[in-house]
1. Working carefully through the options B:Gly409, B:Gly369, B:Gly335, find the one that is touching a Phe, Trp or Tyr at 6+ places or on another chain (Cβ under 6 Å) and away from every other protein chain (no Cβ under 14 Å).
2. Conditions first: (1) small (Gly, Ala, Ser); (2) assigned by TED's automatic domain parsing to the domain that holds A:Ser312; (3) surrounded by fewer than 24 Cβ atoms within 10 Å (Cβ to Cβ). A:Gly240 passes all but one, so which condition is the exception?
3. Condition first: facing chain B (nearest Cβ under 9 Å), within 26 Å of A:Leu101 (Cα to Cα) and under 15 Å from the mean Cα position of the chain (by Cα). Can you find one or more residues in region A:312-332 that meet it?
4. So which residues in region A:242-256 are outside any helix (DSSP H, G or I) and hydroxyl-bearing (Ser, Thr, Tyr)?
5. In the list B:Glu287, B:Glu297, which residue meets the criterion of being facing chain A (nearest Cβ under 7 Å), modelled with pLDDT of 95 or more, over 20 Å from B:Asp343 (Cβ atoms) and in a helix (DSSP H, G or I)?
6. Please work out which residue is farthest from the other protein chains (Cβ to nearest Cβ), limiting yourself to region A:26-48 and to residues that are more than 20 Å from A:Ile121 (Cα to Cα) and loosely packed, with under 12 Cβ neighbours inside 10 Å.
7. Find the residue count for region A:222-246, including only residues that are more than 10 Å from the chain's Cα centre (by Cα) and farther than 21 Å from A:Ala132 by Cβ.
8. Residue check: is A:Ala248 touching a residue at least 60 places away in the same chain (Cβ under 8 Å) and either facing chain B (nearest Cβ under 10 Å) or of a type in the set (A, V, I, L, M) (or both)?
Amino acid sequence: MNFDFSDDQKFLKSEARKFLEANSPTSRVRKVLDDDAKAYDEALWKAVAAQGWLGAAIPEEHGGLGLGYLELCVIAEELGRAVAPIPFASTVYFLAEAIMLAGDDKQKAEILPKIAAGELIGAIATSEGPGALTPNSLQAAVSGGKLTGTKLPVTDGDIADLCLVLAKEGGKAGLFLVDLTGPGVTREMLKTLDPTRDAARLTFKDAPAQRLGAAGEGFALVEQVFDRAAVLLGFEQCGGADKCLEMAKAYALERYAFGRQIASYQAIKHKLADIYVKNELARSNAYYGAWALNTNAPELPVAASATRIAASEAFWFASKENIQTHGGIGYTWEMDCHLYYKRSRQLSLVAGAPRVWKERLVSHLERRNAA
Amino acid sequence: MDFNDSPEEAAYRATARAWLEANAPKTAEGGYDDGEGAGSMAASKAWQARKAAAGYAQITWPKEWGGPGGTPIQQVIFNQEEGRHPVPPNPFQIGLGMCVPTVMTFADEATKQRFVEPALRGEEIWCQLFSEPSGGSDVAAARTKAEKAPDGSGDWLISGQKVWTTGAQFSDFGIVVTRTDPEAPKHKGLTMFWVDMHDPGIEVRPIHQMSGGSGFNEVFFTNVRVPDSQRLGAVNDGWRVSLVTLMNERLAVGGPSGAGWAQFMEAARNITGLDGAPAIKDQALREKIADWYVATEGLKHTRNRTLTALSRGETPGPESSIGKVVSAMQMQELGNTAVEMLDQYGIITDPELAPLHAAFHASLLGAPGLRIAGGTDEILKNIIAERVLGLPQDIRVDKDVAFKDLPTGR
């Protein structure tokens, strides 16, 4: 049994933590939080690119480090822990993964090296309105290589260069690549729950669109991309959840009430134990997701669903109970608790809400049992 | 990252597998009962003796204790392979896992020589007599007293009551924690002894559990005379001795218990739910199935992380402490959800009318016990908070008070 990260991967993780503690302390995250016009931390983005992280899982022939997904997972965990305000997920988990999954040789050769070098920011646009998107409700359409329609919210849509867009063509859904710096694209920044991660409304009017993968396979391809992203987002969530537990513990030990440390009350001890239990369940599921992603195992859809459900629950629970443990001070803008509470919402919703994933998981289990 | 054996582990597994193929029972002859009664005892003892002779009884025990001096991961591998065979129940684990190691740590050489190997071969069974009516979670509150016999022989007389003693009805020996100094604070007036369970002053009565079963006992001591040579550790040092016993308990981690998500799914396919559709189409139930699956997988892979540490010869991390808190609560919720899914029919436990639902009823009625046994949910959360997270211990108002002066509520 060797169900753990290697020493090299653990070293990378500790180096990533040091790097982000130096380059993305919450005082820096707050520059994005407090400035409505600032969509992301450009300096951090450049520094992360210089570390090679954007291309960690991109093959060397396409300008990446060609390490693997386990390395990307440990980086993701540290980014989540640091609530890093950069378009890493949009660019790496969604765009790069979609290109590697479904791109032709030309698309790979053109796009992947730019991602690895930090020269290209990505995004994915599926949602068009409240509620889950279905093949019947999909409105955006491509005709003659031109896309028309509206997508919102698109995380990083206001800063991305290249966007994956789910749209129908000849009545069938496909996934398309659209140059957001090109003609026919209007972007508006949206107000969102998590101001450290921006989102936009994208309006397309005859914007040139290039299909990625086979015609009619749009939803299937998005599912595959989401499965891969779910594992990586799950590590970000684990990182954030662990940080919340540490914050809650530190505060409970330092805060006195009724003549005692509040950490000595069972109401607080058991709350923190509950956070720990959920965090460990999430971490163990995420490890399995990492294994499935790294080996491209047939179990990936089930493992990714379990990772997403467990990690979403853990980060949500840890972030809300961290505020509760802090009491009144935890509800202030100046304390960092809300950065994690808000990021937990962003991460839980960006690739579909947990209840959508629960339904997917049970559907997979039903098919597996029937087979 | 993978789930593979190392080359050494694979070799050990192959050897163990071959030995089991040649030696394990081919069928559960006559069916085994729940492991508590005498029905399967002869088979259990025969199987234990065969394992002991081949070095598979207590694999991590050193050679001087009669074991092969193997590693924890070898024990896990053997358990995995043994689990594929219809072997009889194992009534020896409390004795070999907790009592005998305590004897090995504190008894004199003659006692060790006398007891260790017969226990290993399954010839003699041991039980652990700690919990009392007045002290479950608070083990150090034991009131069973041991006093020096008035005849000046140096013997001790033990009187009192123990409770929730697993296997007392078929045990030959036990280790018992007693109060020897009620004037001292509670942790400082305890002494541990080993006793012969066949003593006429010891009476074992089965406890009738709320589930209807009787897996545990009350044990009454009435002036049980014990020579001083049966003392384990120093007089009034019994708390430290009991910590050695309990430390061994925490290593005995269990697997999943009760009916699981897959059984629930199977039942839900065949039961009418809302609007006449099968219950499996009910979105509320589907979300619960997903949650149970995720928690079950989470525990499974947490065990895999623990095994990885064992495989590397490291001490497992604290994550192994979450198992029972999660599984006992889930067992209760799953059993109850299944019963509610059956609607009015859910109250029927008659095996002829509800043959497929017995596992859910068993979970529903067994879970309250599992949430208490071997550390209540609350104690386990305290353990996580204190030993894993490093939070302060609860304030102890009984620490520096003579035991006899502690309030008892009655």
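1. Details: B:Gly409 fails: touching a Phe, Trp or Tyr at 6+ places or on another chain (Cβ under 6 Å); B:Gly369 fails: touching a Phe, Trp or Tyr at 6+ places or on another chain (Cβ under 6 Å).
Checking each option against the conditions leaves just B:Gly335.
2. (3)
3. Kept after step one, since they are facing chain B (nearest Cβ under 9 Å), are these residues of region A:312-332: A:313.
From what's left, within 26 Å of A:Leu101 (Cα to Cα): none.
No: zero hits.
4. The first filter runs over region A:242-256 and keeps only residues outside any helix (DSSP H, G or I), leaving A:255-256.
Correct list: A:Tyr256 only.
5. Details: B:Glu287 fails: over 20 Å from B:Asp343 (Cβ atoms).
Among B:Glu287, B:Glu297, only B:Glu297 is facing chain A (nearest Cβ under 7 Å), modelled with pLDDT of 95 or more, over 20 Å from B:Asp343 (Cβ atoms) and in a helix (DSSP H, G or I).
6. Only one residue fits best here, namely A:Asp35.
7. Qualifying residue count, region A:222-246: 9.
8. Judged against the criteria, A:Ala248 is a match.
The values are calculated or read from the model by the stated rules, or taken from the named source; none is laboratory data. Since we're looking at a predicted model, the values are computed, not measured. Methodologically, a virtual Cβ is constructed for each residue, glycine included, from the backbone with ideal geometry; neighbour enumeration extends over all protein chains shown.
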